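Below: the structure, in structure tokens.
Coordinate-derived values only; no laboratory data. Just so you know, these numbers come straight off a predicted model, no measurement behind them. Here the Cβ positions follow ideal geometry from the backbone for every residue, glycine too, while neighbour counts run over all protein chains shown.
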Amino acid sequence: MSIPPPPGPHEPQDPFRAPQAPSSPGAQPPGGPYGPYPQAPYGAPYQGWGQGYTPYNRQAPVNGVAIAALVLGVMCFLPAVGLVLGIVALVQIRRRGERGKPLAIVGAALSSLGLALWIVSLSTGAASAFWDGFKEGLDGTASLSLAKGDCFDVPGGDFDSEIYDVDTVPCSGAHDAEVFAVVPVAGDTFPGESRVTDLAEDRCWDLQTAYATDPWALPDTVSVYYLTPTGDTWEFGDREITCAFADEDGSGALTGSLRADASTFDADQLAFLHAMNAIDGVLYQEPDDYAEDDLGTSKDWARDVHDALGTQVTALRGHAWPAAAQAPVAALIKDMTAAQKEWAKAAAADDADAYYTYYEAGYEYVDGDTTVGARRALRLATTPPSYDDGSGDGSGDGSGDGSGDGSGDASV
């Protein structure tokens, strides 16, 4: 048994064709033989897509020259180049239709400002000063940026604690301290605080008379201080010891420079000062231990004093002094020769008591009347320095080193 096909044409259903009313033989659809859609024998047209399919729109690229102009403008580096790049970028953007016009404009503006600042800096010398400071920072050799002859203030005026910064001020006004020497510390590794302190004490003492040749001309309140690197600052390039004169009580009482080097004295004054300063240098080396504790070291030092006196007596005798200074210098030489004999006895003492007996006699001439008389004849300062440690007072306590250095340490 066969099943007949369903009536009607065997055509696939067109989803876009309008539904048709049942027809009868000979009947025509409304609107003509092709239904209600003239010119469309195959049914209704497809729905249109407007303008048709197009890919997603891509933005124009950013001009690379504009980016470079902005970077140079912000960094203020090579401002002339940044300005030129900004102009070139604007031309390229207009011709190519690229983006980045605001970047080019800002870069050119910043470069123009930087160029103007460079011109002003070069005309006033500020650029040179900046470059010197920049190179100094790269070298890492001056942690506080202090040089010989600088005067400065310490925040709080305290030299007895760690100092992280100082304020450089004119020497003509009141200030806390004045730098008389800067000593480099050799080596790639930090030598230790004890070693640095020992080096500071030795070198600062030796160098002070090169800056202030006559110690008697220094105010009584002035002492030697030094700023030393620490283990931490060493890692940041701190490699210098700064030697400075400073007021002992931190009152900022120093006014005017203390500098009085060899160029400020005549030949006679220099000959006298060199001889006396050489003896003071040996007296400064007095051992820290009392003779009761270490007689041998004290006797060795007494021998050094004896030898220094002999050398300087010879130097004083060999100089041709002006007529007005001949007698006063001769009287001083006589006292120094007598003191030399006492120091020889101290160097040969059998016990501490004998040592201090000769020690006190040897110190009698230090800063005595004959020294003052020779200084007056040579037109030098005549007020002896005052020593807080009682040096030269005949106390026999082993503290009289005649140096009066009052040195202090402040780490940076």
Checklist entry - For T337 and T230 in the same chain, what is the full-extension length gain: residue separation times 0.36 nm, less their Cα-Cα distance, in nm? => result 34.0 nm
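Using a ≥ b ≥ c from the Cα gyration tensor of region 140-255 (square roots of the eigenvalues), is it rounded, prolate or oblate, where a/c under 1.5 gives rounded and otherwise the larger of a/b and b/c decides, a/b for prolate?
Details: a/c = 1.92, a/b = 1.45, b/c = 1.32.
Since a/c reaches 1.5 and a/b is larger than b/c, the shape of region 140-255 is classed as prolate.
Round to the nearest 0.05 the FRET efficiency obtained for S257 and K101 when R0 = 45 Å and r is the Cβ-Cβ distance.
On the way: r = 59 Å, r/R0 = 1.32.
For R0 = 45 Å, the calculated efficiency reads 0.15.
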Item to check | Rel. contact order, % - alpha carbon contacts under 8 angstrom, at least six apart, region 219-368 | outcome: 18 percent
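I need the calculated FRET efficiency for the pair R379 and D351, taking r as the beta carbon distance and R₀ as 51 Å, to the nearest 0.05.
0.70
Can you tally the net charge around D188? Count Lys and Arg as +1, Asp and Glu as -1, for every other residue whose Cβ sits under 12 Å from the Cβ of D188. Walk me through the numbers before you get to the answer.
On the way: positive: R239; negative: E235.
With Lys, Arg at +1 and Asp, Glu at -1, the net is 0.
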Item to check | Cβ-based charge dipole, region 266-381, positive-most Cα from L283, A320, T371 | outcome: A320
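Using the scaling law 2.2 N^0.38 Å as the reference, what is the normalised Cα Rg of region 255-309?
Values: Rg = 16.0 Å, N = 55, 2.2 N^0.38 = 10.1 Å.
In units of the 2.2 N^0.38 Å rule of thumb, it is 1.58.
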Checklist outcome for this item: Taking the dipole of region 140-255 about the Cα centre (Lys, Arg +1; Asp, Glu -1; charges at Cβ), the one of C243, V154, L207 that reaches farthest to the positive side is L207
Next on the checklist: Would region 158-200 count as rounded, prolate or oblate if I go by the C-alpha gyration tensor, calling it rounded below 1.5 in a/c and otherwise prolate when a/b exceeds b/c, oblate otherwise?
Outcome noted: prolate
Checklist entry - Among rounded, prolate and oblate, which fits region 214-360 when a ≥ b ≥ c are the square roots of the eigenvalues of its C-alpha gyration tensor, a/c under 1.5 means rounded, and a/b larger than b/c means prolate? => result oblate
Item to check | Estimated inter-spin distance, E162 and T264, nm [label 7 Å along Cα→Cβ] | outcome: 3.6 nm
Checklist entry - Label R94 and L207 with points 7 Å out from Cα along Cα→Cβ: what is the distance between them in nm? => result 6.3 nm
